[in-house]
Amino acid sequence: MTLDFSSSGDLLLGLLPELVLTAWALVLLLFVAWRHQTVRDLRIAGWMTLAALLSTGIATWWLWYNMAQAAGLAGMVAVDDFRWVTDWLFLGGAGLTTLISFAYLEREQLVAPEYYILLVFATLGMMLMAGGEDLMVIFLGLELMSIAVYVLAGFDRRSPRSAEAALKYFLLGAFASGFLLYGIALIYGATGTTNLSLIGIQVGIGSGGVMLTAGLGLLLVGFGFKVAAVPFHMWAPDVYDGAPTPVTAFMATGVKAAAFAALFRVLTEAFAHAGAWQEIVWWLAVVTMVGGNLLALAQRSLKRMLAYSSVAHAGYLLVAVASGKSAGTAAFIVYLVAYTLMSVGAFAVLAAKGRRGESDVLIDDLAGLGTRRPWLAFALAVCMLSLLGFPGTAGFIGKYYILLAATSAGQNVLAAILVLASVVSAGYYLPVIMAMYMKPEASETVHAEVHLGRLGEAAVAVAVAGLLVFGVWPNRLLDVARTAADSVHAPASVPPRAAPPGS
């Protein structure tokens, strides 16, 4: 199915998933304005959110099944497999977050259905970021996502930690958006366009000069903040720690995935033939992997450990970016699917264990969980092993393909650092498993109030099943990832000029 974006009908068809989700968001706004005071209202809003995400996923599948593509040069929005696959990832992550939020919001007495509206709008912003073929669309999607997540981070108005998290995220997020917007302005000044394909042509013929390089540098700074790469990670631990745990899971997966998807598209389509960014990303990956893992080793709080762990995983994903090839994009998609499943599963179990933000849950507090709550302990153990990259889990498959992409691009040193960083991560993932199964519980009632709810248990079951299935049978996922990676490419008429940085 070929879509001509000069026709309004085809343009609307190309935006069908976003339009479906926007329509549901407006319906949710009307409903919440009418009913927003009881637990029943909260539950109805949650079920409407699940219906919105499911129907948007079906619309995305319909376009993918009919092999929708744009006629000629893509306009403001891309129509390719990379967009459809990342959209499914965002919708799936939002759906799992919604499932674990039902019992959590009721338990914490956060009876405010606006939570689900913000979740839907944040997801819509993510879809625009990943599908943006123009820097302005990417920026608008980023701001739509960010503003919603700023509010979600401070959603527990009774908690000083939550208010601090929202304030820090807002201030540093606005600072990062300023860098990004200034970079877009410089790129427009150097090339005369904000369309990624047209920028790629300009870069390929060597135009732009210092202004283009400066703009690219500012773009990398802005995206570095959004993906929590060292040294732009300072906001992540405090924000992840203070936000409600389901929001933390959503931020660690969806927000990071959207920022990486936009970064991949920008670098692949607009700057594939510019060698300036590859060495910068190389060093960002190194310091992020090393810094994230070393800082996580010092944490005793489970939530802060997972926060610093997410910084380290941003480094692993930057290795895929640094490879600069289609294999790197495919590895990125595979790893992002695995990371979404294992992070949502881990934060869901943490939400069941803690109270009032879960900031005070220490790793030692999990002692005896394997005896009292064997199913939850097993789920958390699978998530920890997958985060570590243990064979038989999806995390291992993801890291393996990132290593293949790095070595095929000649980045052998970067691949070696990734392996060593993964070995270091055993120092904070394995103690969680040891505490659950090898340490006695402090009392018989210490895990008596651990409760996840049926929908939360279903979300954890989906995450664990996905990690185990993709760990032993990743073929279908790899095929989809390769197809999506091949659909994102630089303008074919421009010969490549830059070699990857030496390792």
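The values are calculated or read from the model by the stated rules, or taken from the named source; none is laboratory data. This one's a predicted model, so the numbers in the text were calculated from it and none came from an experiment. Because the Cβ atoms are built from the backbone with ideal geometry, glycine has one as well, and the counts that use them run over all protein chains shown. Side chains are part of the model used for accessible areas, which takes the heavy atoms of the whole protein and leaves out ligands, DNA and RNA. Shrake-Rupley method; radii C 1.70, N 1.55, O 1.52, S 1.80 Å.
What the table below lists for this structure:
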{"quantity": "Theoretical gain in end-to-end length, Ala163 to Glu449 [0.36 nm per residue, Cα-Cα removed]", "calculated": "100.3 nm"}
{"quantity": "Theoretical gain in end-to-end length, Gln69 to Met438 [0.36 nm per residue, Cα-Cα removed]", "calculated": "127.4 nm"}
{"quantity": "Whole-number percent relative contact order across the chain, with pairs defined as alpha carbons under 8 Å at least 6 apart", "calculated": "16 percent"}
{"quantity": "Which of Thr56, Thr268 is most accessible, then next, and so on - probe 1.4 Å", "calculated": "Thr268, Thr56"}
{"quantity": "Dimensions (Å) - the stretch 183-313, Cα atoms, principal axes, largest first", "calculated": "52, 26, 18"}
{"quantity": "Residues of the chain: accessible area per residue with a 1.4 Å probe, Å²", "calculated": "36 Å²"}
{"quantity": "Nonlocal amide H pairs with Leu362, under 5 Å, H built at 1.01 Å", "calculated": "Leu302"}
{"quantity": "Projected area, mean over directions - the stretch 241-315, Cα convex hull, nm²", "calculated": "5.3 nm²"}
{"quantity": "Debye intensity ratio I(q)/I(0), log10, the stretch 279-350, q values 0.14, 0.17, 0.26 Å⁻¹ (C-alpha model)", "calculated": "-0.47, -0.66, -1.11"}
{"quantity": "Extreme residue, positive dipole direction of the chain, given options Ala331, Leu418, Ala122 (C-beta unit charges)", "calculated": "Leu418"}
{"quantity": "Heavy-atom SASA rank of Met67, Met289 (probe 1.4 Å, accessible area, largest first)", "calculated": "Met67, Met289"}
{"quantity": "Zero-based 10 Å bins, Cα pair distances in the stretch 291-397, whole percents", "calculated": "14, 42, 31, 10, 2"}
{"quantity": "Per-residue [θ]222 nm for the chain (sum of -39500 (n - 2.57) over DSSP H runs n ≥ 4, rounded to 500)", "calculated": "-24500 deg cm²/dmol"}
{"quantity": "Within the accessible area of the stretch 195-327 (1.4 Å probe), percent carbon and sulfur", "calculated": "71 percent"}
{"quantity": "Exposure of Phe396 as accessible area (Å², to 10), given a probe of 1.4 Å and all protein chains", "calculated": "70 Å²"}
{"quantity": "Equivalent-ellipsoid semi-axes of the stretch 126-210, from the Cα gyration tensor, Å, largest first", "calculated": "34, 13, 7"}
{"quantity": "Separation in nanometres of the label points that stand 7 Å from Cα toward Cβ, at Thr22 and Thr407", "calculated": "4.7 nm"}
{"quantity": "Förster-model FRET efficiency, 41 Å R0, Glu279 and Leu140, C-beta, rounded to 0.05", "calculated": "0.85"}
{"quantity": "Exposure rank, largest accessible area first [Phe170, Phe260; 1.4 Å]", "calculated": "Phe170, Phe260"}
{"quantity": "Lysine pairs within the chain, Cα separation less than 27 Å, 8 or more sequence positions apart or different chains", "calculated": "17"}
{"quantity": "The chain: angle of helix 160-191 to the longest principal axis, Cα-based, in degrees nearest 10", "calculated": "10 degrees"}
{"quantity": "Accessible-area composition of the stretch 402-451, carbon plus sulfur, in percent [1.4 Å probe]", "calculated": "70 percent"}
{"quantity": "q = 0.10, 0.25, 0.27 Å⁻¹, the stretch 1-86: log10 I(q)/I(0) [Debye, one scatterer per Cα]", "calculated": "-0.33, -1.15, -1.28"}
{"quantity": "Acute angle (nearest 10 degrees) that the helix 39-65 long axis makes with the longest principal axis of the chain, alpha-carbon atoms", "calculated": "30 degrees"}
{"quantity": "Reciprocal of mean inverse Cα separation for the stretch 343-410 (Kirkwood radius, Å)", "calculated": "13.6 Å"}
{"quantity": "Folded to 0 to 90 degrees: helix 276-297 orientation relative to the chain principal axis, Cα", "calculated": "10 degrees"}
{"quantity": "Share of carbon and sulfur in the accessible heavy-atom surface of the stretch 35-98 [1.4 Å probe, %]", "calculated": "67 percent"}
{"quantity": "Thr407 - accessible surface, heavy atoms, 1.4 Å probe, Å² rounded to 10", "calculated": "60 Å²"}
{"quantity": "Debye intensity ratio I(q)/I(0), log10, the chain, q values 0.07, 0.08, 0.12 Å⁻¹ (C-alpha model)", "calculated": "-0.34, -0.45, -1.05"}
{"quantity": "Surface accessible to a 1.4 Å probe, Ile187 within the full protein complex, Å²", "calculated": "0 Å²"}
{"quantity": "Point-to-point label distance, Trp62-Val39, nm (Cα→Cβ direction, 7 Å offset)", "calculated": "3.7 nm"}
{"quantity": "Interchain or long-range residues, amide H under 5 Å from Glu133's placed H", "calculated": "Val77, Ala78"}
